Amino acid sequence: MRAIGALILGVAIAVALTVAPSRAAEDHPAGQNEANAPATAQPPVSTVPVTPKDAAPPPSVTIIGASEAHGVLGRDVRSAAGEDMGRIVDVIVDRAGHVRAAAIDFGGFLGVGSRKIVVDWNALRFGKIANKKDSITLELTKAQVAAAPEYKEDTPIVVLGASGSLQPLQAIQ
């Protein structure tokens, strides 16, 4: 029992010796109180906000009006003749982040038998897409799109263009 008491007393003394110097640094010197402290006293270090040297600047903000822009994923695509061409399911960008094409879920019935076809972004006409029911027009016929090869990820992308002006993606080495 004495050994436990001695251990507790030793721990208490060690803690007191550790805490005392740090408390003394926080206390005001003897004889100096709040009333006669110099007017230019610095605030305690703990209340000064610390800003990291590499803090990010605030982000820029752009406001786009509700009638100025709309999302395109899931939008219906129709031919110029009004034929159902499918829905946009993906947007293809190059390494620089430029939009190159759109993947359309083409054909089939209720998702059965459909396949993804990639069309040149410039072959799409966005005209009036004020609400989700408005469709996007594709400058290709249903027969042209039906003849295109299917898009599969991690394989070379065959992009179907309306005018043949699409530039090939540069080979990345």
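The values are calculated or read from the model by the stated rules, or taken from the named source; none is laboratory data. The model shown is predicted, which means the values in this text are computed figures rather than measured ones. We place every Cβ from the backbone using ideal geometry, glycine too, and count neighbours over all the protein chains shown.
Among the residues of the range 130-150, those identified as closer than 14 Å to ARG87 by Cα and touching a strand residue (DSSP E or B) at 6+ places or on another chain (Cβ under 7 Å) are SER135, ILE136, THR137, LEU138, LYS142, VAL145. The set of residues from the range 103-135 being β-branched (Val, Ile, Thr) and at pLDDT 90 or above comprises ILE104, ILE117, VAL118, VAL119.
For the range 125-161, a residue qualifies if it is within 32 Å of the chain's Cα centre (by Cα), among the small types (Gly, Ala, Ser) and surrounded by 15 or more Cβ atoms within 10 Å (Cβ to Cβ), and the qualifying residues are SER135, GLY161.
At least 3 residues that are touching an Asp or Glu at 6+ places or on another chain (Cβ under 9 Å) and at negative phi in each: list the strands (runs of 3 or more DSSP E) lying fully within the range 86-160 that qualify. Quick ask: steps written out before the conclusion?
Values: elements: 99-106, 115-120, 136-138.
The strands (runs of 3 or more DSSP E) meeting that bar are 99-106, 115-120.
Taking into account only those residues within the range 65-79 that are among the charged types (D, E, K, R) and assigned to a loop (DSSP other than H, G, I, E, B), which is nearest to ILE136 (Cα to Cα)? Here the answer is ARG75. Quick one: would you say THR62 is of a type in the set (Ser, Thr, Tyr) and not in a loop (DSSP other than H, G, I, E, B)? No, not satisfied.
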